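One structure is given below, encoded as structure tokens.
The values are calculated or read from the model by the stated rules, or taken from the named source; none is laboratory data. For clarity, every value in this text was computed on a predicted model and none was experimentally measured. Neighbour counts run over all protein chains shown; Cβ positions are idealised from the backbone, glycine included. Only protein heavy atoms, including side chains, enter the accessible area calculation; ligands, DNA and RNA are left aside. Shrake-Rupley method; radii C 1.70, N 1.55, O 1.52, S 1.80 Å.
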Amino acid sequence: MKHLIDTYVAKIVAQGLAAKKDILFLGLDAEFTANRFLAGINPELFRVFDRMNINTLLYVEPAEPYRSILQHLARRGGNALVPTDCETRTFLHDIPHIPVLSSDAISTALAHRKAAIVGDRGIVSYGTVSPEQAFVSFSSVCFSTYVKFFVDVMFHLEDHAGGRTPQDATLVEAYHEITEKIPSGCLGWETLPASPPRNEAETYEQMVKTGKELVKRRLVDSYFGNISYVSGETIYISQTGSSMDELEGCIDAVPLDGSSSSGITASSELSAHISIYRKTGKRAIIHGHPKFTVIMSMSCRRQGCDISTCYRSCRERRSVAGVPIVSGEIGTGPAGLVQTVPKAMSGSGAVIVFGHGIFSTGEDNFSPAFELIQTVEDACRREYFKKIQALI
């Protein structure tokens, strides 16, 4: 247990989500263990284990800009935050807000949700099987609150510019303060192979390396994203629930003709990946959730539209950075990604899904697909701040 706790503490730090001193990871196996001395831990956190059937509890005061975003969102009141990105809809649903760190408030909130915001500084989450569950929930809250804040700013300023609402000076002030705290970028980038894998072993090797680099550049938040490669009559695809920076042993080889049940543990977007390959012939496919790509995918306020259904059935033709934006749900239903993404893929080599992220392709290796995701995210980031500057 201690080794796993230390592993995920290191991940939180490496991904820029929090400083080590601001992380408390508490686990219960035969006895309690944690990433710091037990005697210095708030007793209320131990009491949560008496109230819930869990084996790990994570409490973090995140790094900037996440900390200031939490402070702003918490101070605006309400018992829960309801971001509208895909990760929140499918994984978190909403994010409870509890005023103080107490075992009663934490257990009540976490009885129905995977994580909660505590006061205006912290995030608490839990695991029932592994510390990974607590880490994933915490990471998702960081992502979702980040996206929510910048989407809220964009929507408010658009409404103000349209004469629909007076300007919220507090929100604008928070925007200026928070944007000053956004890191400028990541260091130590590596170049991916620009040639196709020669055999199955190289296919696995290139997929593992690509996954690690996606996380390193923060184009995915470790857990949310998937990757595939087609060789012959087999598609190699990351497993559902796998961390993109730990794909060793988490890649399935699935026959394209469906002759095997090996795809049962594959990504939930296996069908979309197969359909993209069949539509485009591109063998390397990456799906990631870069933050500003997600934010700009939601940049549409057409009057008369019900924005709550845009992720499923938007008919507005939009694009950003030359990449088309489509709606689509996870799965194979009438509004599934398998229906909307492949047919929009021709031309740009990539498709952005409303509130969900980007699918990008490469002819026979991951390098162009990866660089396209990076290029689109950089362009979306520039487009966002250009748009806000014009509205302010």
When (1) farther than 20 Å from LEU110 by Cβ; (2) buried (at least 19 other Cβ atoms within 10 Å of the Cβ) are applied to ASP6, the one that fails is (2)
Can you name the residue in the range 232-248 that is touching a strand residue (DSSP E or B) at 6+ places or on another chain (Cβ under 9 Å) and not aliphatic (A, V, I, L, M) and, of all such residues, is most open to solvent (accessible area, probe 1.4 Å)?
GLU233
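So, VAL153, is that one over 29 Å from SER130 (Cβ atoms), in contact (Cβ under 8 Å) with a residue 24 or more places away in the chain and open to solvent by less than 30 Å² (accessible area, probe 1.4 Å) or not? Full working, then the answer.
Numbers: over 29 Å from SER130 (Cβ atoms): yes; in contact (Cβ under 8 Å) with a residue 24 or more places away in the chain: yes; open to solvent by less than 30 Å² (accessible area, probe 1.4 Å): yes.
Yes.
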Of all residues being open to solvent by 40 Å² or more (accessible area, probe 1.4 Å) and farther than 21 Å from ARG67 by Cβ in the range 20-39, which is nearest to the chain's Cα centre (by Cα)? Just the residue, please.
LEU28
Restricted to the range 97-129, and to residues that are open to solvent by less than 20 Å² (accessible area, probe 1.4 Å), of a type outside the set (A, V, I, L, M) and more than 18 Å from the chain's Cα centre (by Cα), which residue is modelled with the lowest pLDDT?
GLY119
Can you run down the residue pairs with Cβ atoms below 8 Å, 6 or more apart or on separate chains, where the first is in the range 270-297 and without any contact (Cβ under 8 Å) to a residue 60 or more places away in the chain and the partner is in a helix (DSSP H, G or I)?
LEU270/GLY263
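Just checking, does the range 203-222 include any residue being exposed (fewer than 14 other Cβ atoms within 10 Å of the Cβ) and of a type outside the set (S, T, N, Q)?
Of the range 203-222, the ones exposed (fewer than 14 other Cβ atoms within 10 Å of the Cβ) are none.
There is no residue in the range 203-222 that is exposed (fewer than 14 other Cβ atoms within 10 Å of the Cβ) and of a type outside the set (S, T, N, Q).
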Note on the range 207-236: residues in contact (Cβ under 8 Å) with a residue 12 or more places away in the chain and either farther than 22 Å from GLY357 by Cα or in a loop (DSSP other than H, G, I, E, B) (or both) are ARG217, ARG218, LEU219, VAL220, ASP221, SER222, TYR223, PHE224, GLY225, SER231, GLU233, THR234
Out of (1) assigned to a loop (DSSP other than H, G, I, E, B); (2) within 17 Å of the chain's Cα centre (by Cα), the one LYS11 does not meet is (1)
Of all residues making up the range 169-206, the number that are part of a loop (DSSP other than H, G, I, E, B) and either charged (D, E, K, R) or in contact with a Leu (Cβ under 8 Å, 6 or more places away or on another chain) (or both)
4
Return a yes/no flag: does the range 137-150 have any residue that is assigned to a helix (DSSP H, G or I), open to solvent by 10 Å² or more (accessible area, probe 1.4 Å), touching a residue at least 12 places away in the same chain (Cβ under 8 Å) and in contact with a strand residue (DSSP E or B) (Cβ under 8 Å, 6 or more places away or on another chain).
yes
Taking interchain pairs and intrachain pairs at least six residues apart, which have beta carbon atoms under 7 angstrom, with the first residue in the range 54-80 and within 17 Å of LEU101 (Cα to Cα) and β-branched (Val, Ile, Thr) and the second open to solvent by 10 Å² or more (accessible area, probe 1.4 Å) and modelled with pLDDT of 95 or more?
THR56/TYR126; VAL60/ASP22
